[in-house]
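S.K.: Please read through the structure below; I'll follow up with questions.
The values are calculated or read from the model by the stated rules, or taken from the named source; none is laboratory data. The shown structure was predicted, so the numbers you read here are calculated from the model rather than taken from an experiment. We place every Cβ from the backbone using ideal geometry, glycine too, and count neighbours over all the protein chains shown. The accessibility values were calculated without ligands, DNA or RNA, using every heavy atom of the protein model including side chains. Shrake-Rupley method; radii C 1.70, N 1.55, O 1.52, S 1.80 Å.
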Amino acid sequence: MTDIRDDTRDGFQAVFGREPEGLWSAPGRVNLIGEHTDYNLGFVLPFAIDRRTVVGVGLRDDRMMRVASTFADELVEISLDALAGLSNDDAGRELSGWSAYVLGVAWALGLDEFGGDLRAVPGLDLFIDSDVPVGAGLSSSAAIESAVALALNDVWRLELDRPTLARVGQRAENIAVGAPTGIMDQSASLLGVRDHAVFLDCRSLEAQVVPLGLDEAGLVVLVIDTGVKHSHATGGYGERRSACERGAAAMGVESLRDVTVADLPRARELLDDVTYRRVAHVVTENQRVLDTVDTLRGESGMLGEADEDGSGSSAVAVGPGGPLAIGELLDASHRSMRDDFEISVPELDLAVETAVGAGAIGARMTGGGFGGAAIALVKLDDLSRVQVAVDNAFSEHGFAAPDTFVVRASDGAARN
């Protein structure tokens, strides 16, 4: 963390010719379980990781906002008056590229909904650096948005709380960036606590921290970055969200949050096969999140999965509790994303299958899918064996070598 702070400070000085007035950082996240449930107003269980984005900020005496980063050579600038005048449609058209994640946050803070007024705040210079892998499903975008949101909240003295800043980041990503994501990523980045996961109800936005207990159990979370890039702003992510909305409408509910595993037989009768499978994933994934929380808290859980014929559901006991008991829940989540939601890719499937075969407690792809990373819950003593097995499997299948590294549950966004 020290190196990236120093790099950000040096980068700010190189571009703007002065020292920043402060540094703020926010982490990426791993979603332990609960994929594509957030925008369906369901449950998620991510945790902040020890890979962070840092932003250096300096106040200006004019109305300009200038943004630079290690992501690109360009210096992007816009007047706050012009930013304040952008409608939703204008923001989606006018803000583009990597700077949309930054300028989108400033734009969203100026919306009446969040009580800001961009005509009453000073201009800024910002420089951004990050060691959160881009395109790996670890939410590098939310790390940018959360670091910037916290920084601007402080320097502009807006006094917004962290759940509100998470909504600001989500609004920036939905409108300025054009990615139809839910609020999970920003919430994890802003609300994370060391060695805990964030249990978030995406309808009420109530958040609780749940102890992970990985160190005590001798476990680590191994990230297997396949190197297959994805983008939430294009392709299948939006299509999956539309399918969920169609399914909810056909079931006569506001969102799939209101559909339970017991409702799946009726859903099978009402929906076409593809829409049903999309719905089945979200419904059973919500149940898996609840089961994982109960299991981590030391309570027995039951794993709900849709039967292959769609006629009902099966339940499998997942043990007495603790992190050693959640492996089957992780495995079932991946099967559901692979078979029902169809967002996996061969590299992710190979990573998961190989990790489990080499001794991982459980494994699943994490993030929006269509590329990115898988995670494996691994005993520390088995870590090297799992990493070597994954490397060998990718080589044997002719895939590019994956990047594997351990992440630890970290504290959320902070001023540094």
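S.K.: Just give me the residues in the range 342-351 being among the β-branched types (V, I, T) and either open to solvent by less than 10 Å² (accessible area, probe 1.4 Å) or without any contact (Cβ under 8 Å) to a residue 12 or more places away in the chain (or both), in sequence order. It would help to see each step written out before you state the result.
M.R.: If we filter the range 342-351 for residues that are among the β-branched types (V, I, T), which is where we start, we get 343, 345.
Matches in the range 342-351: I343 only.
S.K.: A follow-up question, please. Can you name the condition, by its number, that S384 falls short on among (1) touching a strand residue (DSSP E or B) at 6+ places or on another chain (Cβ under 6 Å); (2) open to solvent by 30 Å² or more (accessible area, probe 1.4 Å)?
M.R.: Going through the list (1) touching a strand residue (DSSP E or B) at 6+ places or on another chain (Cβ under 6 Å); (2) open to solvent by 30 Å² or more (accessible area, probe 1.4 Å), S384 breaks only (1).
S.K.: Next question. Going by the structure shown, is W98 more than 30 Å from L214 (Cβ to Cβ) and of a type in the set (F, W, Y)?
M.R.: yes
S.K.: Now for a separate question. Confirm whether R268 is assigned to a helix (DSSP H, G or I), in contact with a helix residue (DSSP H, G or I) (Cβ under 9 Å, 6 or more places away or on another chain) and surrounded by fewer than 20 Cβ atoms within 10 Å (Cβ to Cβ).
M.R.: So R268 fits the description; yes.
S.K.: Right, next: Mind counting the residues in the range 386-416 that are under 21 Å from I326 (Cα atoms) and among the basic types (K, R)?
M.R.: Residues in the range 386-416 being under 21 Å from I326 (Cα atoms) and among the basic types (K, R): 1 in total.
S.K.: Still on this structure: Quickly run through the range 219-276 and pick out the residues that are of a type in the set (A, V, I, L, M) and modelled with pLDDT under 95.
M.R.: V228, A233
S.K.: Also, I was wondering about something else. If you check G22, G116, which single one turns out to be in contact with a Gly (Cβ under 8 Å, 6 or more places away or on another chain) and at pLDDT below 95?
M.R.: So the residue among G22, G116 that is in contact with a Gly (Cβ under 8 Å, 6 or more places away or on another chain) and at pLDDT below 95 is G116.
S.K.: Hey, another quick one. Looking at G178, G115, G169, G135, which is the one that is closer than 24 Å to E206 by Cβ, touching a residue at least 24 places away in the same chain (Cβ under 8 Å), surrounded by fewer than 20 Cβ atoms within 10 Å (Cβ to Cβ) and not aliphatic (A, V, I, L, M)?
M.R.: Numbers: G178 fails: closer than 24 Å to E206 by Cβ; G169 fails: surrounded by fewer than 20 Cβ atoms within 10 Å (Cβ to Cβ); G135 fails: closer than 24 Å to E206 by Cβ.
None of the others qualify; the one that does is G115.
S.K.: Could you check how many residues of the range 186-198 are closer than 19 Å to V293 by Cβ and crowded, with 23+ Cβ neighbours inside 10 Å?
M.R.: Final tally of qualifying residues: 6.
S.K.: Further question on the same structure: Quick one: is I4 in a helix (DSSP H, G or I), in contact (Cβ under 8 Å) with a residue 12 or more places away in the chain and among the hydrophobic types (A, V, I, L, M, F, W, C)?
M.R.: Here the answer is yes, as I4 does meet what is asked.
S.K.: With the condition kept exactly as written, say whether any residue in the range 217-232 is over 17 Å from the mean Cα position of the chain (by Cα), assigned to a loop (DSSP other than H, G, I, E, B) and exposed (fewer than 13 other Cβ atoms within 10 Å of the Cβ).
M.R.: no
S.K.: Hey, among the residues in the range 355-376 that are at pLDDT 95 or above and surrounded by fewer than 24 Cβ atoms within 10 Å (Cβ to Cβ), which one's nearest to I183 (Cα to Cα)? Give the derivation first.
M.R.: At the first step, the residues of the range 355-376 found to be at pLDDT 95 or above are 355-365, 374-376.
After this cut, where a residue has to be surrounded by fewer than 24 Cβ atoms within 10 Å (Cβ to Cβ) as well, the list is 356-359, 361.
Working: V356: 30, G357: 34, A358: 34, G359: 33, I361: 28 Å.
Residue satisfying both the conditions and the ranking: I361.
S.K.: Now for a different question. If a residue has to be open to solvent by 40 Å² or more (accessible area, probe 1.4 Å), over 23 Å from the mean Cα position of the chain (by Cα) and in contact (Cβ under 8 Å) with a residue 40 or more places away in the chain to count, how many in the range 60-87 make the cut?
M.R.: Total satisfying the criteria: 7.
S.K.: Of F16, F12, which residue is surrounded by 24 or more Cβ atoms within 10 Å (Cβ to Cβ), over 15 Å from the mean Cα position of the chain (by Cα) and over 30 Å from V198 (Cα atoms)?
M.R.: When all the criteria are applied, what remains is F12.
S.K.: Separate question: Just to be sure before I move on: is V57 among the aliphatic types (A, V, I, L, M), more than 18 Å from V168 (Cα to Cα) and buried (at least 20 other Cβ atoms within 10 Å of the Cβ) in the structure I sent? Full working, then the answer.
M.R.: Working: among the aliphatic types (A, V, I, L, M): yes; more than 18 Å from V168 (Cα to Cα): yes; buried (at least 20 other Cβ atoms within 10 Å of the Cβ): yes.
So V57 passes the test.
S.K.: Next question. Are any of the residues in the range 241-258 open to solvent by 10 Å² or more (accessible area, probe 1.4 Å), without any contact (Cβ under 8 Å) to a residue 24 or more places away in the chain, within 26 Å of G327 (Cα to Cα) and not aliphatic (A, V, I, L, M)?
M.R.: For the range 241-258, residues open to solvent by 10 Å² or more (accessible area, probe 1.4 Å), without any contact (Cβ under 8 Å) to a residue 24 or more places away in the chain, within 26 Å of G327 (Cα to Cα) and not aliphatic (A, V, I, L, M): absent.
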